[in-house]
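Beneath this line is the structure, given in structure tokens, with notes to follow.
The values are calculated or read from the model by the stated rules, or taken from the named source; none is laboratory data. Treat the numbers as computed from the prediction; the structure is a model and nothing was measured. FYI the Cβ positions are ideal-geometry reconstructions off the backbone, even for glycines, and counts take in every protein chain you see. Side chains are part of the model used for accessible areas, which takes the heavy atoms of the whole protein and leaves out ligands, DNA and RNA. Shrake-Rupley method; radii C 1.70, N 1.55, O 1.52, S 1.80 Å.
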Amino acid sequence: MDIEHTRYRFVIHHLNSSNSIDSEEICFSSPHFPSTKKDEDFIEGELVIKNPDCQAIPEEKVKICLEASFSLSSQIYCPVELKKFYPISLSINLNATGHCTYLLTNPNEVRLIWEKYLPLILQKNHEFHHAINWFMRSLKSNDSIDKFIYAWITLNCLYGYLSNTKGHHNGIRSLIYNNIPTMPVKEDIVRKHRTIFEFLASLDLVDKRNLTNWSTKLKDSLVNNNINEIIENGVSAIAIVRHTIFHGNVIDRNTEAERCIWPLNHLNAEILKNRLLKQ
């Protein structure tokens, strides 16, 4: 059987990789690591795409898949510069007016995500593809309310598809109590975003339909350091922020929305990776 090989080179600015990755399908590194100087903080690498059916994969799909692979691992969005392989050096141009360097702490994870996600992106209407699309919209958006709404829609897609339940509370319970994501990952989410959960617990976020005060419930779970309940009650508290914004009261909840983006996108990324890597 004939196999078509398509080779690409790529560069990602403002992102450093802590290690080099070298596999048959993807390899990359940060040539100047750990430098964070403006002209030295980038990842460069190569892709080799093997198509047994000799059908070319559109370059745009390759770019989408590669950006998603790095974004799911890092939970930030850095655009990928992608070019088909030619025997010339790839130029590196930095056009950003500001400068910030991010660190990719688990580069091997990108390789695993890439290998799993590329086949799925070629399947039309695959549920994961829709969820990752919303996840990427959240990372790419420059508007905090849009980022928050897209992150919430991503979570809706995930619990709807993976738990087959209705409502965010039942959905998130179904996932976290079935070890999606795993306990070490949930502990990491709580550790990194504890100050945000504490902020939400200090508010008065009440579900007016049943008078449940999710801020109080979140505060109790933080005191008890119950990881599952912190995430469960934290998502339910965020849902009250979402409900207020969806009904037009953006000004009063803008600050909360800006903070809620971070735990939501972290949770979404980990749920996606958990399921994606088990495909």
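Could you check Asn213 against (1) touching a residue at least 40 places away in the same chain (Cβ under 8 Å); (2) out of contact with any helix residue (DSSP H, G or I) (no Cβ under 8 Å at 6 or more places or on another chain) and say which number it fails?
(1)
Identify the residue in the range 1-31 that is open to solvent by 80 Å² or more (accessible area, probe 1.4 Å) and not in a strand (DSSP E or B) and, among all such residues, is modelled with the lowest pLDDT.
The selected residue is Met1.
Look at Glu67 and say whether it is surrounded by fewer than 16 Cβ atoms within 10 Å (Cβ to Cβ) and either of a type outside the set (A, V, I, L, M) or modelled with pLDDT of 95 or more (or both). Don't jump to the end; show me each part of the working.
On the way: surrounded by fewer than 16 Cβ atoms within 10 Å (Cβ to Cβ): no; either of a type outside the set (A, V, I, L, M) or modelled with pLDDT of 95 or more (or both): yes.
No, not satisfied.
For the range 32-55, which positions are of a type in the set (D, E, K, R), at pLDDT below 95 and either in a strand (DSSP E or B) or within 18 Å of Glu115 (Cα to Cα) (or both)?
Those that are of a type in the set (D, E, K, R), at pLDDT below 95 and either in a strand (DSSP E or B) or within 18 Å of Glu115 (Cα to Cα) (or both): Glu46, Lys50, Asp53.
Say we look at the range 127-148 and pick out the residues that are open to solvent by less than 20 Å² (accessible area, probe 1.4 Å) and among the small types (Gly, Ala, Ser); which of these is nearest to Cys260 (Cα to Cα)?
Selected residue: Ser138.
Among what's in the range 115-148 and is in contact (Cβ under 8 Å) with a residue 60 or more places away in the chain and among the small types (Gly, Ala, Ser), pick the residue that is nearest to Leu47 (Cα to Cα).
Within the range 115-148, the match that is nearest to Leu47 (Cα to Cα) is Ala131.
Output the residue which, of all residues in the range 160-211 that are within 17 Å of Thr244 (Cβ to Cβ) and among the acidic types (Asp, Glu), is least open to solvent (accessible area, probe 1.4 Å).
Once the filter is applied, the top-ranked residue is Asp207.
When you look at Ile113, is it within 27 Å of Ala237 (Cα to Cα) and either surrounded by 21 or more Cβ atoms within 10 Å (Cβ to Cβ) or of a type outside the set (Ser, Thr, Tyr) (or both), yes or no? Lay out the reasoning, then the answer.
Details: within 27 Å of Ala237 (Cα to Cα): no; either surrounded by 21 or more Cβ atoms within 10 Å (Cβ to Cβ) or of a type outside the set (Ser, Thr, Tyr) (or both): yes.
No.
Restricted to the range 139-186, and to residues that are over 17 Å from the mean Cα position of the chain (by Cα) and among the small types (Gly, Ala, Ser), which residue is modelled with the highest pLDDT?
Ranking the candidates gives Ser174 first.
Against the condition at pLDDT 95 or above and either within 22 Å of the chain's Cα centre (by Cα) or not in a helix (DSSP H, G or I) (or both), how does Glu232 come out, does it pass?
Numbers: at pLDDT 95 or above: yes; either within 22 Å of the chain's Cα centre (by Cα) or not in a helix (DSSP H, G or I) (or both): yes.
Against the criterion (at pLDDT 95 or above and either within 22 Å of the chain's Cα centre (by Cα) or not in a helix (DSSP H, G or I) (or both)), Glu232 qualifies.
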